[in-house]
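Working notes, structure below.
No value in this document is a laboratory result; all are computed from the given coordinates. Keep in mind the model is a prediction, meaning the values are calculated, not measured. When we count neighbours, we look across all protein chains shown, and the Cβ atoms used for this are built from the backbone with ideal geometry, even at glycine.
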């Protein structure tokens with residue numbers, strides 16, 4: 001969607017097959033994209049992606065922090081390994097990427113940072129101590145960075161999706177998904193494209209005065 005609007009895209013991730021396919025799809029549609037493998041928990045890899053992106057495109061205007069995993073368990077059964085893994089990817093990974101990419105934006109006097117939060121970071125969820133903690137922290141960091149970076153021409157906002165049809169929700173039991181639908185005023189799960197439109201709005205010129213916002217895209221699940 002970003003490429004269709006003229007963005008030159010660097011696709012990153014640990015899944016090289018899916019990442020390469022995404023970049024290829026963008027190019028076949030007439031856009032410009034490259035795929036660079038990156039583990040957000042590895043600072044050296046993040047810095048390499050920054051340098052290769054700058055070498056290819058000459059600037060970095062937009063950063064979408066959307067790397068995220070789940071490893072659920074009730075508090076008394078949640079292992080330290082599961083806790084650390086989710087914190088490292090969802091929270092520290094976002095810190096690594098933002099700290100690496102923002103200096104280029106500061107030099108330009110312009111930038112857009114979008115952080116993937118979640119409704120779970122707003123209202124909590126059973127069995128997701130680690131995941132909810134990261135998403136709540138992301139909301140707090142978004143507000144801090146909006147204050148710090150706003151004077152430098154950089155807006156920082158977050159999108160808090162509800163339950164969306166993705167690989168992350170595909171493994172949930174049908175009865176759980178049905179309960180979510182019942183609690184959602186629109187009576188359904190979201191589609192990835194509906195989240196992408198929110199991202200697209202927040203980096204657009206039309207959102208140039210939106211900074212530090214947490215945009216819920218959840219069908220009314222959190223009201």
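Gain in length, residue 29 to residue 83, computed as 0.36 nm per residue apart minus the alpha-carbon separation, to one decimal in nm?
Contour length minus Cα-Cα distance gives 15.4 nm.
In which sequence would 129, 118 go, from the one with the fewest C-beta neighbours within 10 Å to the one with the most?
The order, fewest Cβ neighbours first, is 129, 118.
What is the distance, in nm, between label points placed 7 Å from the Cα along the Cα-to-Cβ direction at residue 197 and at residue 177?
2.2
How high is the relative contact order of the chain, in percent, counting Cα pairs under 8 Å that sit 6 or more residues apart?
17
Could you give the length gained by full extension between residue 125 and residue 61, i.e. 0.36 nm per residue of separation minus their alpha carbon distance, to one decimal place?
19.6 nm
Beyond 25 Å, what share of the Cα-Cα pairs of the chain remains, rounded to the nearest whole percent?
Roughly 41 percent, once rounded to a whole number.
Using only the Cα atoms of segment 113-223, build the gyration tensor, take square roots of its eigenvalues as a ≥ b ≥ c, and label the shape rounded, prolate or oblate: rounded if a/c is under 1.5, else prolate if a/b is larger than b/c, else oblate.
The shape class here is prolate.
Taking only DSSP H segments of four or more residues, each worth -39500 (n - 2.57), what value at 222 nm results for the chain once the sum is divided by all its residues, to the nearest 500 deg cm²/dmol?
Calculated at 222 nm, the ellipticity per residue is -14000 deg cm²/dmol.
Figure the gain on full extension for residue 76 and residue 147 (residue separation times 0.36 nm, minus the Cα-Cα span) and round it to one decimal in nm.
21.8 nm
Taking the Cα centroid of segment 22-41 and of segment 206-223, what is the distance between the two, rounded to the nearest whole Å?
27
Taking the chain as the reference, fit the longest principal axis to its C-alpha atoms, fit the long axis of helix 43-57 to the helix C-alpha atoms, and give the angle between the two in degrees, 0 to 90, nearest 10.
Helix 43-57 sits at roughly 50 degrees to that axis.
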